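Student: Structure in structure tokens, see below.
The values are calculated or read from the model by the stated rules, or taken from the named source; none is laboratory data. What you are looking at is a predicted structure, and each value in this text was computed from that prediction instead of being measured. Glycine gets a Cβ as well: all are built from the backbone with ideal geometry, and neighbour counts include every protein chain shown.
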Amino acid sequence: MYSRSFSELDSAQAVYHSDTAEHSTRVSRICGLLGVTLGLQDGDVEAVQWIGILHDVGKLEVPLELLRKPGPLSPAEWEQVKKHPGAGSDIVLAISPTLAPIASGIRAHHERWDGSGYPDGLAAYSIPLFGRIAAVADVFDALTHRREYRQTSFSHREASAFVLDGSARAFDPEIVRAFADLDRRGLVQADQEA
């Protein structure tokens with residue numbers, strides 16, 4: 001349903017920064033599994049998979065040297081990077097206002113259950129469901145793969161424990177339970193490419 005609207009954005013993301021595109025493909029897979037486990041209807045599962053693919057599309061507006069910078073970002077650089085959820089949402093909305101549910105999920109993927117996230121400081125159920133799903137998938141995959149700013153990665157067990165421990169502060173507990181179920185069944189693999 002959405003592939004016609006989004007395939008070019010996915011391709012642009014891959015050309016601009018291949019690590020982001022690879023990460024997004026893995027996040028999409030986990031989002032889809034979470035959507036099914038949570039009992040979402042097929043159209044919503046597809047939507048949350050596209051949010052996984054495009055959750056970082058706003059990084060097209062972040063200077064490439066920041067995305068490739070080894071080591072920590074300065075506070076000013078970090079502020080630039082933190083704009084990517086809003087930028088990604090705006091990019092998707094520019095395609096069509098009918099894509100608002102996907103745009104809101106992209107905008108919300110760095111919001112946290114306790115209100116400590118960004119860009120809007122939303123908390124609990126004020127965070128769109130699709131954003132809550134993408135948050136879990138995004139963090140798990142980011143922890144289990146090397147990034148420019150962090151040359152080491154967490155083991156599968158360490159990353160799973162981080163997600164499970166974050167259920168009270170960072171993540172929707174219901175989505176964490178779905179993640180734990182998938183993990184127990186061996187369906188979430190840190191090293192598995194989508």
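Student: Being modelled with pLDDT of 95 or more and over 14 Å from the mean Cα position of the chain (by Cα) is the filter here, so list the residues in segment 8-42 that pass it.
Tutor: Passing the criteria: Val36, Thr37, Leu38, Gly39, Leu40, Gln41, Asp42.
Student: Show the residue pairs that are 6+ apart or on different chains and have beta-carbon atoms under 9 Å apart, the first residue being within segment 169-194 and over 16 Å from Asp138 (Cβ atoms) and in a loop (DSSP other than H, G, I, E, B), the second being modelled with pLDDT under 90 and of a type in the set (D, E, K, R).
Tutor: Glu193/Glu22
Student: Taking the criterion of being under 20 Å from Asp141 (Cβ atoms), surrounded by 15 or more Cβ atoms within 10 Å (Cβ to Cβ) and among the hydrophobic types (A, V, I, L, M, F, W, C), would at least one residue in segment 74-89 satisfy it?
Tutor: yes
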